[in-house]
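Encoded as structure tokens, the structure appears first; notes follow it.
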Amino acid sequence: MTFRQFAFNNIFRNKRTYAAHFLSSTFSIMIFFTYALLLFHPDLQGELKSTSATISAFGTLGFSVSQGLIFVFSFFFILYSVSSFLKTRKKEFGILMMQGMSMRQLKKLLLIENMLIGLSSICIGIFIGLIFSKLVLLISASVLMINNGLPFYLPVQAVLLTVITFLFLFLIVSLFTFKMIKVTELVELIRAKEKPKPEPRSSVLLSLLSLICIGYGYISVFRFIPSTNFITLGIGVLLVIIGTYFLYT
């Protein structure tokens, strides 16, 4: 059995262990792709180019900043997901190392697993984004007050941007994963599950507040394009940052 086959079988044998990491990654990719879908929409590009040079520049900047913020929060969100995921597998890693697996082989196993989960998440996240793309375009057209609506288009650029961005992100996360494992002793790996874990707490009110902040933030950014109100743009970006932070935490 090759390392790839071992990693592939390992994922399928422990579906529940990998589920949380996979779903959180898929969610981040879906959000990123949905925004990229709007960023590269030809009708929205036309709206920006039809305005003055200053408005067009700041409108494009607003889209780019928001896209960058989503990437940064996605990185920390997936990194947190991976760290929680690794804590549940430390005993397994310790047993593998006791049976003769070297640290280099363990890192190779983790890299293959992360990239397999990453590729699967990218495919599923983009697929879900495409399913809901028409609904997103309808809502966006309503918010932006575009009379003719935003027709569906083949988002080749959005797909390429999402694939390249998240392949890079999963590679960086894998490097951080190596650091997490490297500083852990073998005895700690074996006894990891014996340590008490604090019960995670979730807040429905905070979740609702985060969604409201994100929604109003995007509306403010979109309304900046026709109104050229820079205060509205600043408030919109700030609300998206606050809402995304609350949602991920």
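Which one of 61, 96 is surrounded by 14 or more Cβ atoms within 10 Å (Cβ to Cβ) and either at pLDDT 80 or above or part of a helix (DSSP H, G or I) (or both)?
Testing whether each residue is surrounded by 14 or more Cβ atoms within 10 Å (Cβ to Cβ) and either at pLDDT 80 or above or part of a helix (DSSP H, G or I) (or both) leaves just 96.
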Quiz item: What number goes with the only condition from (1) more than 13 Å from the chain's Cα centre (by Cα); (2) without any contact (Cβ under 8 Å) to a residue 60 or more places away in the chain that residue 113 does not pass?
Solution: (2)
Quiz prompt | All positions within the range 149-202 that are in a loop (DSSP other than H, G, I, E, B) and at pLDDT below 70 | solution = 183, 184, 185, 195, 196, 197, 198, 199, 200, 201, 202
Practice problem: Answer yes or no as to whether residue 116 is in the same structural domain as residue 10 (by TED's automatic domain parsing) and modelled with pLDDT of 80 or more. | Solution: yes
Quiz item: Consider residue 142 against the criteria (1) touching a residue at least 40 places away in the same chain (Cβ under 8 Å); (2) farther than 17 Å from residue 40 by Cα: it satisfies all of them except one. Which criterion is unmet?
Solution: (1)
Practice problem: Collect the residues in the range 71-85 that are aliphatic (A, V, I, L, M) and surrounded by fewer than 19 Cβ atoms within 10 Å (Cβ to Cβ), keeping them in residue-number order. | Solution: 72, 79
Quiz item: Among the residues of the range 81-90, is there at least one that is at pLDDT below 75, of a type in the set (Phe, Trp, Tyr) and part of a helix (DSSP H, G or I)?
Solution: yes
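The values are calculated or read from the model by the stated rules, or taken from the named source; none is laboratory data. These figures come from a predicted structure and were not determined experimentally. No Cβ is skipped: glycine too gets one built from the backbone with ideal geometry, and neighbour counts run over all protein chains shown.
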